[in-house]
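Here the structure is laid out as structure tokens; the discussion comes afterwards.
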Amino acid sequence: MKQAILVTRATFPEVLEKLRGAFEVTDNQRDVLWTQAELIARLQGKTGAVTHGSDKIDAALLDACPELRAVCNVGVGYNNIDVAACTARGVLVTNTPDVLTETTADFGFALLMATARRIAESDRYVRARQWDKTGVYDMLLGADIHGSTLGIFGMGRIGQAIARRGAHGFNMRVIYHNRSRLSADIERECKAGYVDKESLFRQADHLIVVVPYSPSSHHAIGGAELRLMKNSATLINIARGGVIDDGALAQALLDGTIAAAGLDVFEGEPNVRPDLLDIPNVVLTPHIGSASIRTRQAMALLAADNLAAICNSTGKPAPLTAVN
Ligand code: DGY
């Protein structure tokens, strides 16, 4: 008899088909956002789950679902999962690193360029039929990317991929801060130099945040850090909401402490602070860093393969690896 598993959110038909070949699958193709009680109810009797960032897998859920053996998260981040509680109960957890590195780095760069060169504002300007004279010397002036200093906060795989784009593609000076310094070989390959956190904030013309969320990175960027930054600086968050104090950031954008921000992730998403929605010099996107067709398919397939490897012992699941 096939083992029963749950896929918590809508996914690609080919991924479901693959899972159905190996498991008795309960899916959520209508993509209903379940309450915690509904999630627990649907997990009853399931040995595995393909989960997503919106699912909270905590000790209470695990205790209510004693048959669960595997939680395979679609995403490199897994701050939605209490890994210690899973480990204590013998539940294996996997994520989907590597397959999204380059796509997410592309997006970080796209958001940086859209923010620094005011592309979203320009689009609104044209659509509002405000463009009535061409060649105005100071219309929608932005900040240069090439030749500027790119700061990277969190230098895992995605941070390194962003560094390569900046250094090799845009002739940027790249500096980074990370919990631990990278090897000299990787620094050379990325053309990136290690600096302390304060120097990173002080020196960057553009700062991209790529650190994983954990209690220790909660509000790692608040009013004090923003005040260290240049008034002309751009701040980009493609990591997780909660790493930046969004309230302090809104204030910094309003009072000119920094020039602009690009945010793909938010505290309490999908809810976004109403004051951010009214600020023109912030570009807002709905957590789409890894959202290319090929990459999202690869992430879903990897999670499905991980689940099959754990539940059917068909091979080795990719081990849980660092978030970025
Ligand atoms: C990730 O992979 O962690 C992305 O943020 C999607 O959740």
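The values are calculated or read from the model by the stated rules, or taken from the named source; none is laboratory data. This one's a predicted model, so the numbers in the text were calculated from it and none came from an experiment. FYI the Cβ positions are ideal-geometry reconstructions off the backbone, even for glycines, and counts take in every protein chain you see.
So which strands (runs of 3 or more DSSP E) stay within segment 58-158 end to end and still have 3 or more residues that are in the same structural domain as Ile279 (by TED's automatic domain parsing) and either under 26 Å from Pro215 (Cβ atoms) or touching a Lys or Arg at 6+ places or on another chain (Cβ under 6 Å) (or both)?
Details: elements: 70-73, 92-94, 149-153.
Hits in segment 58-158: 149-153.
Only one of these is under 18 Å from Met113 (Cα atoms) and modelled with pLDDT of 95 or more: Phe170, Phe201. Name it. Step through it out loud before you land on a result.
On the way: Phe201 fails: under 18 Å from Met113 (Cα atoms).
Of the residues listed, the single one that is under 18 Å from Met113 (Cα atoms) and modelled with pLDDT of 95 or more is Phe170.
On the given criteria, is Ala143 surrounded by fewer than 20 Cβ atoms within 10 Å (Cβ to Cβ), closer than 17 Å to Ala261 by Cβ, touching a residue at least 12 places away in the same chain (Cβ under 8 Å) and small (Gly, Ala, Ser)?
On the way: surrounded by fewer than 20 Cβ atoms within 10 Å (Cβ to Cβ): yes; closer than 17 Å to Ala261 by Cβ: yes; touching a residue at least 12 places away in the same chain (Cβ under 8 Å): yes; small (Gly, Ala, Ser): yes.
Considered against the rule, which asks whether it is surrounded by fewer than 20 Cβ atoms within 10 Å (Cβ to Cβ), closer than 17 Å to Ala261 by Cβ, touching a residue at least 12 places away in the same chain (Cβ under 8 Å) and small (Gly, Ala, Ser), Ala143 comes out as yes.
Tell me, which residue of segment 90-109 that is surrounded by fewer than 19 Cβ atoms within 10 Å (Cβ to Cβ) and within 16 Å of the ligand (Cβ to nearest atom) is farthest from Leu68 (Cα to Cα)? Step through it out loud before you land on a result.
First, the residues of segment 90-109 that are surrounded by fewer than 19 Cβ atoms within 10 Å (Cβ to Cβ): 90, 98, 102, 106.
Going one step further and asking which of them are within 16 Å of the ligand (Cβ to nearest atom), we end up with 98, 102, 106.
Values: Asp98: 26, Glu102: 33, Asp106: 36 Å.
My answer is Asp106.
Here is a yes/no grid of residues against (1) within 16 Å of the ligand (Cβ to nearest atom); (2) free of Cβ contacts under 8 Å to residues at least 60 places away in the same chain:
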residue: Val32; (1), (2): no, yes
residue: Gln44; (1), (2): no, yes
residue: Thr47; (1), (2): no, no
residue: Ser54; (1), (2): yes, yes
residue: Ala59; (1), (2): no, yes
residue: Ala64; (1), (2): no, yes
residue: Tyr78; (1), (2): yes, no
residue: Ala88; (1), (2): no, yes
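Of the numbered conditions (1) within 30 Å of Val209 (Cα to Cα); (2) free of Cβ contacts under 8 Å to residues at least 40 places away in the same chain, Glu38 satisfies every one except a single condition; which is it?
Every listed condition holds for Glu38 apart from (1).
Give segment 19-57 a look and list any residue that's in a loop (DSSP other than H, G, I, E, B) and either under 14 Å from Lys2 (Cα atoms) or over 21 Å from the mean Cα position of the chain (by Cα) (or both), or say none.
Just the residues of segment 19-57 that are in a loop (DSSP other than H, G, I, E, B), to begin with: 23, 27-35, 44-47, 52-56.
Within segment 19-57, Phe23, Asp27, Asn28, Gln29, Arg30, Val32, Trp34, Thr35, Gln44, Gly45, Lys46, Thr47 qualify.
Can you find a residue in segment 222-234 that is of a type in the set (A, V, I, L, M) and closer than 26 Å to Leu100 by Cβ? Step through it out loud before you land on a result.
To start, the set of residues in segment 222-234 that are of a type in the set (A, V, I, L, M) comprises 224, 226, 228-229, 233.
Remaining after also requiring closer than 26 Å to Leu100 by Cβ: none.
So far as segment 222-234 goes, no, none of its residues is of a type in the set (A, V, I, L, M) and closer than 26 Å to Leu100 by Cβ.
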